[in-house]
1. Would you confirm whether or not the range 29-46 contains a residue that is buried (at least 17 other Cβ atoms within 10 Å of the Cβ), touching a Leu at 6+ places or on another chain (Cβ under 7 Å), of a type outside the set (Lys, Arg) and farther than 30 Å from Met241 by Cβ?
2. Out of the range 170-195, which residues are part of a helix (DSSP H, G or I) and over 17 Å from the mean Cα position of the chain (by Cα)?
3. Of all residues in the range 218-275, how many are under 14 Å from Leu104 (Cβ atoms) and of a type in the set (Val, Ile, Thr)?
4. Does Leu74 qualify as being of a type in the set (A, V, I, L, M) and modelled with pLDDT of 90 or more?
5. Which residues, taken from the range 23-64, are assigned to a helix (DSSP H, G or I), aliphatic (A, V, I, L, M) and over 12 Å from the mean Cα position of the chain (by Cα)?
6. Looking at the range 215-274 only, could you name the residues that are within 30 Å of Gln293 (Cβ to Cβ), of a type in the set (Asp, Glu) and not in a helix (DSSP H, G or I)?
Amino acid sequence: MNSVSQNPPDISAFTQSIPLLVKRLDECWGKYLAELKRTRREFANEHVHDLRVSIRSLMAVIELGSAVAHGKRLKKSQQMVKSQLDAFDELRDTQVQITLVDELPEYMAELVPYRAHLQKREKKLVARLKRKIKATSAGGLARQVARLRKVLLAKELPESASAILLVVDAAWSVVMQRQAAVRVDHLRSIHHLRLAFKKFRYMVENIYPLLPDPPEELRRQLHDYQAQMGRIQDAVVGAQMLTDFAAKSGMEFLAATTGFDAVQHSRVQVFVEAMKMINTFWRMAPGAKFPWQLNVFQ
């Protein structure tokens, strides 16, 4: 990589930082309400997925806006949307494992009782979440979002530009710290990197129009990088869920366990080969140029 220039990057586009942040807040809020309504009407897997994505986008823009607004009270809104997201974790894991089992046809005969267990679990979780979603009120969160919007519109532009970049820089700093700590023999370290990277990625999605001439493929590569880590976590969770079911049921799944291990190993190898891409996603330090301005984006 070329040496990093300490000349500040061209951030002339950030003169529109507040209008964009407010626009993104409105868009994310509208998307969240639409997905919540759709999920209430039909609790389909794809609707749950889209609702989770809308919650993550809303969380990211609220965090960016809160940094500009310097409002501790706004942390309540982040906690509110985070609690909704967490409520779907068990269902999402269960549905992913059903898909993973179906992708291992050579072990299907052995996994029949396990798959039946997953389907029963999915049905129970869906029934519980349907009730929870129908009872969810967006009123309190709506007031929090309205308060943030009002504060943002009263802010000075120079301050907002600096604050927005610093929030993303801080998120990126955590990503790089966790990337440096990754060990392939300690998959928990990859999971920790994934959590930090996910937060960073959704922030970048929200401020993307403000970046100085970003490459067209940047957002796709951020998505793919995160997805590779997600596939590893799915395999890790799957192996643990199968182990737990085996212990509880008294059954043995020797061949299937070997299959899960092979899937996990393969996914880790794919990610290890792609890890070097991380240096092309964001600038190395506040005030530095972005990788694509240094011609290191590949």
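The values are calculated or read from the model by the stated rules, or taken from the named source; none is laboratory data. Not measured: the values here are computed from a predicted model. Cβ placement follows ideal geometry from the backbone for every residue including glycine, while neighbour counts extend to all protein chains displayed.
1. Checking the range 29-46: at least one residue is buried (at least 17 other Cβ atoms within 10 Å of the Cβ), touching a Leu at 6+ places or on another chain (Cβ under 7 Å), of a type outside the set (Lys, Arg) and farther than 30 Å from Met241 by Cβ.
2. So the first thing to find is which residues in the range 170-195 are part of a helix (DSSP H, G or I), and the list is 170-180, 187-195.
Answer for the range 170-195, where residues must be part of a helix (DSSP H, G or I) and over 17 Å from the mean Cα position of the chain (by Cα): Gln177, Ala180, Leu187.
3. Result for the range 218-275: 3.
4. Working: of a type in the set (A, V, I, L, M): yes; modelled with pLDDT of 90 or more: no.
Criteria not met by Leu74.
5. The initial filter retains those residues of the range 23-64 that are assigned to a helix (DSSP H, G or I), namely 23-41, 45-64.
Now narrow it down to the ones that are aliphatic (A, V, I, L, M): 25, 33-34, 36, 48, 51, 53, 55, 58-62, 64.
Across the range 23-64, the qualifying residues are Leu25, Leu33, Ala34, Leu36, Val48, Leu51, Val61, Ile62, Leu64.
6. To start, the set of residues in the range 215-274 that are within 30 Å of Gln293 (Cβ to Cβ) comprises 215-230, 270-274.
Subsequent filtering for residues that are of a type in the set (Asp, Glu) retains 216-217, 224, 273.
Glu216, Glu217 - these are the residues of the range 215-274 that are within 30 Å of Gln293 (Cβ to Cβ), of a type in the set (Asp, Glu) and not in a helix (DSSP H, G or I).
Residues are listed down the side, and each one gets a yes or a no for (1) modelled with pLDDT under 95; (2) within 29 Å of Gln119 (Cβ to Cβ); (3) buried (at least 18 other Cβ atoms within 10 Å of the Cβ):
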position	(1), (2), (3)
Gly250	yes, yes, no
Thr257	yes, yes, no
Phe260	yes, yes, yes
Pro291	yes, no, yes
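One line per residue, one yes/no per condition, for (1) aliphatic (A, V, I, L, M); (2) modelled with pLDDT of 90 or more; (3) under 23 Å from Arg267 (Cβ atoms):
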site: Ile11; (1), (2), (3): yes, no, no
site: Thr15; (1), (2), (3): no, no, no
site: Leu20; (1), (2), (3): yes, no, no
site: Ala34; (1), (2), (3): yes, yes, no
site: Glu42; (1), (2), (3): no, no, no
site: Arg52; (1), (2), (3): no, yes, yes
site: Ala60; (1), (2), (3): yes, yes, no
site: Leu91; (1), (2), (3): yes, yes, yes
